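For reference, the structure is listed below as structure tokens.
Quick note: the coordinates plus some simple rules give every number you see, no bench work behind them. Quick caveat, the model's predicted, so the values are computed rather than measured. Every residue, glycine as well, gets a Cβ built from its backbone with ideal geometry; the counts of neighbours run over all protein chains shown.
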Number of protein chains: 2
Amino acid sequence: MKKKSLPLSRVYRLLEPGPVVLLTTADKGRPNVMTMSWHTMMEFEPPLVGCVISDRNHSFGVLKATRECVINIPTLELAAQVVGCGNSSGRKLDKFRRFGLTPVAAACVKAPLIDECYAALECKVADTTLVAKYCFFILEVLQAWIDPSAKDPRTIHHRGRGAFMVAGKTIKLPSKKN
Amino acid sequence: MKKKSLPLSRVYRLLEPGPVVLLTTADKGRPNVMTMSWHTMMEFEPPLVGCVISDRNHSFGVLKATRECVINIPTLELAAQVVGCGNSSGRKLDKFRRFGLTPVAAACVKAPLIDECYAALECKVADTTLVAKYCFFILEVLQAWIDPSAKDPRTIHHRGRGAFMVAGKTIKLPSKKN
């Protein structure tokens, strides 16, 4: 694996720009992956991430039961796989095999990292208060990984119905804050 | 105002890509604006938006009291104002005047739209369950506005410490879903 550990205090820099992510879970050793865009940072450190996972998704039940997942961040090269994972269910399909994704063992959780993604956040479920009403999970990031060679990663950002904005250039402005 | 009404079912297309937004409130007729990146869609229609507004922000108390706000979406041209609004407090400063932003009366709420932004979502607070613990508000979008001439808007996406990714090109992939 090319990825190196990333300080937890920098996790927000990966998720604030709003990339589509691939969320992995493991159900008794069987890995699954789903596509997700409804997530937000909620705390810097330890990093908390709020996300909506519909109860129509196979991952909903697995996450609720195992309380562990990995948020993997793909770039443009994986766009077809991202849409494929979003348009299929892991109830019967092995999406890793179907879409040519490589599971890699995580350090803190049983869900796998996706080797092809440039960053990965190992998470445990921290708060389920709003799961029943909104399918909203609050995750705590336990360990973060990033490919140090990824500069200005070309993340993809859903605009609805198969349209994705591709991350453009990065600009720098004077800022006093995070 | 150049903006036209947008069907509520399309609001998710504006927020899913993760743009930095300008959240406006009104405190007894006095408008204020803050910069925000920690938001996520939570429901399609009526659109629900979850967002974290720190209790160190002046807007926190105003939003809690008035239960109304507007989420305005800026593009690259407003980057300096976005950072300026993020680095200052509305407790004493009139940020509209200071940063040359034009308040426009909203249809459903007392908080103003920002004329310079290409889209605006009038919101009421729908759920405060997680405000005490995480400063997490759930907003319901009552009315959405968009400048119909804005194609592939160059939204800006925070990467931390004054770095912003600028929205690049849009690609289209076959998708069965939203």
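Taken about its Cα centre, the protein assembly as shown carries a charge dipole of about 380 debye when Lys and Arg each add +1 at the Cβ and Asp and Glu each add -1 at the Cβ.
With K and R counted +1 and D and E -1, the other residues having a Cβ less than 10 Å from that of residue B:89 yield a net charge of +4. Each 5 Å bin, from zero up to the one with the longest distance, holds this percent of the alpha carbon pairs of chain B: 1, 8, 19, 22, 23, 16, 7, 2, 1, 0, 0.
Seen from residue B:100, the other residues with C-beta closer than 14 Å to its C-beta sum to a net charge of -1, counting Lys and Arg as +1 and Asp and Glu as -1. Near residue B:40: Cβ cut-off under 13 Å, other residues only, Lys/Arg at +1 and Asp/Glu at -1. The net charge is -3. Alpha carbon centre of segment A:50-96 versus segment B:126-178: separation in Å? Taking the Cα centre of each part, segment A:50-96 and segment B:126-178 sit 21 Å apart. Its Cα centre serving as origin, segment B:4-166 has a Cβ charge dipole (Lys and Arg +1, Asp and Glu -1) of approximately 560 debye.
Ellipticity at 222 nm from helices only: DSSP H runs of n ≥ 4 in chain A, each -39500 (n - 2.57), divided by the residue count, give -3500 deg cm²/dmol. The fraction of Cα-Cα pairs per 10 angstrom bin, counted from 0 for the protein assembly as shown, comes to 5, 27, 36, 23, 8, 1 percent, rounded to whole percents. Within the listed set A:112, A:46, A:74, the residue fluctuating most in the Gaussian network model of chain A (springs between alpha-carbon atoms under 10 angstrom) is A:46. Largest first and in whole Å, the equivalent-ellipsoid semi-axes of segment B:101-178 read 25, 20, 17, each the square root of five times a Cα gyration tensor eigenvalue. Cross-link pairs exceeding 30 Å in C-alpha to C-alpha distance, out of A:124/A:169; A:2/A:172; A:151/B:133, comprise A:124/A:169; A:151/B:133. Can you find, among A:168, A:66, A:109, the residue farthest towards the positive end of the dipole of chain A? Put +1 on the C-beta of Lys and Arg, -1 on that of Asp and Glu. Most positive-ward Cα: A:168.
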